[in-house]
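Presented below is the structure to which this report refers.
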Amino acid sequence: MYNIIFCAVLTFHIYIYIKDRSVKLSHKELIDLLQRAYSAEKAAAFAYQGHAGSVRDKIQKAAIRQIEEDEWNHRREVLQIMNQYNIPVSKWYEFRFYVIGKAISFSCYIIGWFMPFYFAGSLESGNVCEYFRMKQFFNELGIKEHDTILYEMGIKEKEHEVYFLSMIKNNKLLPFFEKVFKWGKKKSANNIDMEALEPVETSDIYCKRK
Ligand SMILES: [Fe+2]
Ligand SMILES: [Fe+2]
């Protein structure tokens, strides 16, 4: 009997010890960015479900389905980082981005072919810097172990942006939309040039805050 009590007390102490040793991040902006990105990846994946469902072309459908898969992977990768620092999933962001994702998904069936491609590209353009900013925030705290995964996620978002732009770059509606919504052939929300890509070590020139 005493043995069982002893084991239970010991296990409890080991649990507390391990729990206390897990690193906590003292960076409010980074925590918020991780929580938001985690939930926004779900919104993006939902949106691409509607987008893939609404296009007729099989090649376009397959490409968008692959992008949806990329977003689910990002969500898993962001969660792994959050778990490492005991960062909880935000219930508010989960709810908010669930509604946004489902609304965009539905809208793809009624707003025609051009707009889902345009706004997907525009949103991806903004997502790119979220991952580079996370990397910069971690580095401010002296943490370098997530550099490669965050770099890869940022570049993947850039690839998504490039794909969506390639689909609409010759569309006659693009000049008007680019003027109004500030994204297109000449305007991007990030400064990444895929033709002259910086490696992870020198990627801090990307997405620098002014
Ligand atoms: Fe993503
Ligand atoms: Fe993306």
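No lab work stands behind these numbers, since they all come straight from the coordinates. Note that the structure is predicted; figures quoted are calculated from it, not measured. Heads up, the Cβs are rebuilt from the backbone with ideal geometry, glycines too, and the neighbour counts pull from every protein chain shown.
Structure above, values below:
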quantity	calculated
Flag for LEU174 being out of contact with any Phe, Trp or Tyr (no Cβ under 8 Å at 6 or more places or on another chain) and touching a residue at least 40 places away in the same chain (Cβ under 8 Å)	no
Filter result for SER107 (under 17 Å from GLU68 (Cα atoms) and within 16 Å of ligand 2 (Cβ to nearest atom))	no
Tally, over region 83-133, of residues that are closer than 22 Å to GLY53 by Cβ and out of contact with any Ser or Thr (no Cβ under 6 Å at 6 or more places or on another chain)	26
Identity of the residue in region 42-79, without any contact (Cβ under 8 Å) to a residue 24 or more places away in the chain, basic (Lys, Arg) and assigned to a helix (DSSP H, G or I), that ends up farthest from ligand 2 (Cβ to nearest atom)	LYS58
Count of region 134-162 residues which are within 13 Å of ligand 1 (Cβ to nearest atom) and surrounded by 18 or more Cβ atoms within 10 Å (Cβ to Cβ)	11
Set GLU140, GLU124: member being over 25 Å from LYS169 (Cα atoms) and acidic (Asp, Glu)	GLU140
Residue in region 122-133 that is touching a residue at least 12 places away in the same chain (Cβ under 8 Å), away from ligand 1 (no atom under 16 Å from the Cβ), closer than 16 Å to TRP183 by Cβ and surrounded by 23 or more Cβ atoms within 10 Å (Cβ to Cβ) present	no
All helices (runs of 4 or more DSSP H) inside region 112-210 with 3 or more residues being closer than 25 Å to GLU69 by Cα	114-140, 147-168
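Residue-wise test of (1) within 16 Å of ligand 1 (Cβ to nearest atom); (2) of a type in the set (Gly, Ala, Ser).
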{"site": "ALA63", "(1), (2)": "yes, yes"}
{"site": "GLU68", "(1), (2)": "yes, no"}
{"site": "HIS74", "(1), (2)": "yes, no"}
{"site": "GLY101", "(1), (2)": "yes, yes"}
{"site": "ILE111", "(1), (2)": "no, no"}
